[in-house]
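Right, one structure below, let's go through it.
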Amino acid sequence: MSFTFDTAVFYESQGEAVARAFVVAAPHEVVASDELATWRLEGRIVGPTCRYSSTLQARIPLAHRGLTTWGDRMALLAEAAVPDPCPWSTELPFLYRAVGDVVVGPTTRAAFEQPFGLRRLSIVRRKIALEGRLWVPRVVRREAVVEPAPLQSWRTADTALFVDDPDETLCRAADETGVVLFARAPQPVDDRNAALRRYGTHPSIAVVELPAAAHDPATANLARNTLVAYGCDSDTAVPPGAPRIVELTPAETFVPAAEAPLFIRRTLTTVGTLVEARAACDRLQADLAGKCDAAGFIV
C-alpha cells in the first residue's frame, strides 16, 4: 500500500530566541480519522542555508503531535522548537527544510521534504510589519514590465513582484533569491485551495489576493503565515481588520476611509522598464499624499 501527501510548515515566532515550527501532512486519499490517528510524522528540521551567507546548520527532531485541521482536511501534525532562528528576508533569505517520513504501519513509510522560511509578517494598526519593522511595499505587476527582468533585478530595485497564480519554479527561485511576491489566487474553489496550500510553503509569498466573496475561515487556515488581502470585486463584506486591495483608475485619487490596511492599485496605461514601473509606485504614493495612509502601492 502506498500513500501520497500534501505537506506544509507553519510557524510561530517567540521573539528572537525561538520559533515553533509545525509540520502538517494531509493524505490525498480518503482516510478515516481513527485510522489516521494511528499514523505518525517523524523527522527533523535541517538548516538554515542562504544564497548570500553561511552559518552552522542545525538538525532539530520533530515531535509528533497527533491530528489537526488543515483547511477542510484532517492532517498529521508534528512540532519542533527552532532555537536562534534565522529569519527569511530580502537581504538574507534563509531557508530551512523539514525532512522525514509519514509512518503508516510497520512496513509502510512515505518520505517528505518540505523547504520553508521563517518570515515574520503582521498587521500593526493599518500598516504591515515585516520582521518587526513597518513595511510599505512597492509592488509591480509582471505585465507592467515590457521586457523580462531577472529576479535579481527586482531584489536590487527593492520591488515586490505581483503575479497571477505563480508556479513552483518562480516561487522557489524567489525564495532563494530574496524577492517578495504578491499572488492572485485562481478563482475556482478547488484550484484556489490547492494554490493556497502551495503558497503557504513559500516565504517569498507575503500577500495573496482573494475576491471578497471568497472569504472562508477554512481557506484562511491553509496558508497561516501569509496575509490574505481581499479585492473590492463585489458588495461582499470582508472580515473585520482584513487587508483590502483598492483599484483606482489613472485619474482617481479618492480612497474611502478604512480601519484595515489598504493596498492601493493603479493599472498603468503603458508598460515600460522595471525602473519606470517602480517610479510609478512612487508617483501613486505622491498623488495620494494627505488623502490615504496606504499600506502599499501596486502598479
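The values are calculated or read from the model by the stated rules, or taken from the named source; none is laboratory data. Every value quoted in this text rests on a predicted model; they were computed, and no experiment measured them. Neighbour counts are summed over all protein chains in view; Cβ atoms, including those assigned to glycine, are modelled from backbone coordinates with ideal geometry. Keep in mind that these areas ignore ligands, DNA and RNA; they rest on the heavy atoms of the full protein, side chains included. Shrake-Rupley method; radii C 1.70, N 1.55, O 1.52, S 1.80 Å.
Worth pointing out:
- Restricting the first member to the stretch 241-264 and to residues that are closer than 15 Å to Gly296 by Cα and modelled with pLDDT of 75 or more, and the second to residues that are hydroxyl-bearing (Ser, Thr, Tyr) and assigned to a strand (DSSP E or B), the beta-carbon pairs closer than 8 Å and six or more apart or on different chains are Ala242/Tyr230; Pro243/Tyr230; Arg244/Tyr230; Ile245/Tyr230.
- Among the residues of the stretch 172-191, those that are assigned to a helix (DSSP H, G or I) and crowded, with 20+ Cβ neighbours inside 10 Å comprise Ala174, Asp175.
- Looking only at residues in the stretch 26-56 that are surrounded by 19 or more Cβ atoms within 10 Å (Cβ to Cβ) and touching an Asp or Glu at 6+ places or on another chain (Cβ under 7 Å), the one that is modelled with the lowest pLDDT is Ala26.
- Of all residues making up the stretch 95-120, the number that are surrounded by 15 or more Cβ atoms within 10 Å (Cβ to Cβ) and within 15 Å of Thr201 (Cβ to Cβ): 12
- Test: residue in the stretch 140-155 that is closer than 30 Å to Ala17 by Cα and assigned to a strand (DSSP E or B): no
- Applying the condition of being closer than 12 Å to Glu79 by Cα and of a type in the set (Phe, Trp, Tyr) to the stretch 1-25 and asking which residue is surrounded by the fewest Cβ atoms within 10 Å (Cβ to Cβ) yields Phe22.
- Subset of the stretch 156-171 that is open to solvent by less than 20 Å² (accessible area, probe 1.4 Å) and not aliphatic (A, V, I, L, M) - its residue that is farthest from Asn221 (Cα to Cα): Thr159
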